[in-house]
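**Student:** Here it is, the structure in full.
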Amino acid sequence: YPLSTLLVFDSSRNAIPVAWVITSSLTGQDIHKWVGSLAERLRTKDSRWRLNAFLVDDPSFGFSAIRDAFQCRVLLCVWHVRRAWIRSLLKTCCNIDVQREMFKHLGWILYSSRSVPNAMDAVQEFMEVFVDQSAFMDYFKSQWSPYIESWVSCIRSLPVAGPEPHAAIESYHRRLKYKLFNDQYANFWPRIDWLIHTLTTEFHSLYWLDQYTVETGYFSNLRDESFSTNAWYQALHIPDIDVILDEQNLQVAKVISQTDRNLAYTIWNPGSEFSLCDCHWSNLGNLCKHVIKVAMMCKNRQVARPLLAAQIYRQTLLSLLHNPPDDPVVLDHAILCTTRLQQDVKGWEDLSNSGLLQQLPPELNSQMADNTLLFARSH
């Protein structure tokens with residue numbers, strides 16, 4: 001039975017589990033069976049609490065059911081896709097240069113940012129370019145090819161969450177797997193009763209103790225520091241002066257190590273969702289603090305192209321002007337958004353050609369805020 005987690009994010013962008021959902025299948029269409037009850041339970045606890053956004057990590061989820069229940073935005077989370085692809089690349093491809101190029105092409109496929117007719121044509125082009133990487137291609141064809149079109153379609157219709165929640169999700173996911181997949185519990189893994197007991201007692205109590213320690217100051221010596229050290233939180237503590245960013249050549253960036261001042265890490269494709277770093281943590285397939293720090297600086301200095309997700313979302317909004325929906329309420333909202341963006345997009349295109357970029361509007365640039373709920377599967 002697949003295990004999924006409902007997470008919320010605190011002000012430090014830590015992911016806190018508030019519920020676990022065990023279902024009989026992986027399909028997300030069963031979400032209507034419990035999402036309404038969850039929303040009602042939340043309102044019962046605090047009628048003033050309002051959800052800012054709901055993140056989902058599966059294109060098959062019933063997005064309309066979520067909107068009806070919570071009356072909020074729905075964002076798509078692609079963290080586990082990125083993680084699965086990079087881990088497979090690191091395992092099956094030994095050439096670092098090829099890894100970087102393949103990872104960049106995978107980003108183009110996912111966000112349909114290449115001038116090809118459809119997603120499967122982009123996949124075919126990818127397989128032809130890297131035909132010699134047979135191990136990864138076998139994995140990609142068997143595990144991802146059947147679902148690429150649904151992912152691409154979903155990205156074209158929903159805004160995509162940024163790297164901040166991805167770092168929090170990764171930290172939670174790592175902690176969960178460490179707790180559940182400890183070898184000493186191997187004999188209990190097939191048992192649902194053991195899973196429920198472990199989650200609701202041992203694992204939940206870790207978060208309760210951390211929150212209690214923060215609020216009261218008691219038992220600080222027992223606090224697990226990993227609760228406040230996700231990659232986004234760590235990136236905030238890297239000084240800007242330790243980032244070497246050549247605005248005339250954005251192929252690479254460097255970040256000076258915080259523990260060894262003689263060491264600098266290299267980040268390829270800086271500012272993109274598909275950046276790679278040569279640090280040990282990134283080489284394990286994780287999202288590292290150096291990649292996030294460079295992405296922050298690229299965004300603040302407006303020296304890199306907008307994230308692929310933001311580019312696709314802009315295109316989607318603009319297309320609504322030419323293909324308006326039938327619902328008059330949706331139509332009015334679409335015209336309002338696209339009219340406001342049209343002039344900005346034109347200026348962005350002009351400045352992009354000259355090497356300068358105009359900042360994205362806040363509502364598109366900010367992909368998450370407090371009071372965000374994520375429904376994440378455990379893999």
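The values are calculated or read from the model by the stated rules, or taken from the named source; none is laboratory data. Given the structure is predicted, the values throughout are model-derived calculations rather than measurements. As a convention, Cβ positions derive from the backbone with ideal geometry for all residues, glycine included, and neighbour counts pool all protein chains shown. Note: accessible area is taken over every heavy atom of the protein model, side chains too, but ligands, DNA and RNA are not part of it. Shrake-Rupley method; radii C 1.70, N 1.55, O 1.52, S 1.80 Å.
**Student:** Output ³J(HN,Hα) for region 182-187: one whole-Hz value per residue in order, computed from phi by the Karplus curve 6.51 cos²θ - 1.76 cosθ + 1.60 with θ = phi - 60°, and x for Gly and Pro.
**Tutor:** Those phi angles translate into 5, 4, 5, 9, 4, 5 Hz.
**Student:** Can you list the lysines whose alpha carbon sits under 21 Å from that of K299, skipping same-chain ones fewer than 8 residues off?
**Tutor:** K104, K254, K289, K346
**Student:** Given a cut-off of under 8 Å on Cα pairs at least six residues apart, what relative contact order in percent is computed for region 194-280?
**Tutor:** 13
**Student:** Can you give me the relative contact order of region 49-99 as a percent, contacts being Cα pairs under 8 Å and 6 or more apart?
**Tutor:** Answer for region 49-99 is 35 percent.
**Student:** Which FRET efficiency, nearest 0.05, do E125 and V252 yield, Cβ-Cβ r, R0 22 Å?
**Tutor:** The computed FRET efficiency comes out at 0.30.
**Student:** Here's another thing I want to ask about it. What is the sum of charges around K289, taking Lys and Arg as +1, Asp and Glu as -1, for the other residues whose C-beta is under 13 Å from the C-beta of K289?
**Tutor:** -1
**Student:** I've got another one for you. What is the sum of charges around M137, taking Lys and Arg as +1, Asp and Glu as -1, for the other residues whose C-beta is under 15 Å from the C-beta of M137?
**Tutor:** Summing Lys and Arg as +1 and Asp and Glu as -1 gives -3.
**Student:** Let me know the shape class of region 78-157, please: from the alpha-carbon gyration tensor, a ≥ b ≥ c as square roots of the eigenvalues, rounded when a/c is under 1.5, otherwise prolate if a/b is greater than b/c, or oblate.
**Tutor:** Here region 78-157 falls in the prolate category.
**Student:** For region 78-157, give the percent of accessible area contributed by carbon and sulfur heavy atoms, probe 1.4 Å, rounded to a whole number.
**Tutor:** After summing per-atom areas, the C and S share lands at 49 percent.
**Student:** Residue by residue, what Karplus-based ³J(HN,Hα) values in Hz, rounded to whole numbers, does region 200-206 have, using 6.51, -1.76 and 1.60 with θ = phi - 60° and x for Gly and Pro?
**Tutor:** With coefficients 6.51, -1.76 and 1.60, one gets 7, 10, 5, 6, 4, 5, 4 Hz.
**Student:** Okay, moving on. Leaving out ligands and nucleic acids, note down the accessible area per residue over region 1-107 with a 1.4 angstrom probe, in whole Å².
**Tutor:** Heavy-atom SASA per residue in region 1-107 reads 47 Å².
**Student:** Using the beta-carbon distance between N262 and R301 and R0 = 41 Å, what value does 1/(1 + (r/R0)^6) give for FRET efficiency, to the nearest 0.05?
**Tutor:** Once the sixth-power term is evaluated, E becomes 0.95.
**Student:** Separate question: Could you give log10 I(q)/I(0) at q = 0.14, 0.24 Å⁻¹ for region 196-270, computed by the Debye formula over C-alpha point scatterers of equal weight, without solvent?
**Tutor:** The Debye formula, applied to the Cα set alone, gives -0.67, -1.10.
**Student:** In addition: So for the pair S142, K33, with labels modelled 7 Å out along Cα→Cβ, what separation do we get in nm?
**Tutor:** For S142 paired with K33, the spin-label model returns 3.0 nm.
**Student:** Note down the relative contact order for region 1-147 as a percent, whole number, built from C-alpha pairs under 8 angstrom at least six residues apart.
**Tutor:** Here the relative contact order equals 14 percent.
**Student:** Another question, if that's okay. Work out how far the C-alpha atoms of region 231-301 reach from end to end along every principal axis, then list the three figures in whole Å, largest first.
**Tutor:** 27, 24, 21
**Student:** Could I have the simple spin-label model distance between I22 and F188, label points 7 Å from Cα toward Cβ, reported in nm to one decimal?
**Tutor:** 1.2
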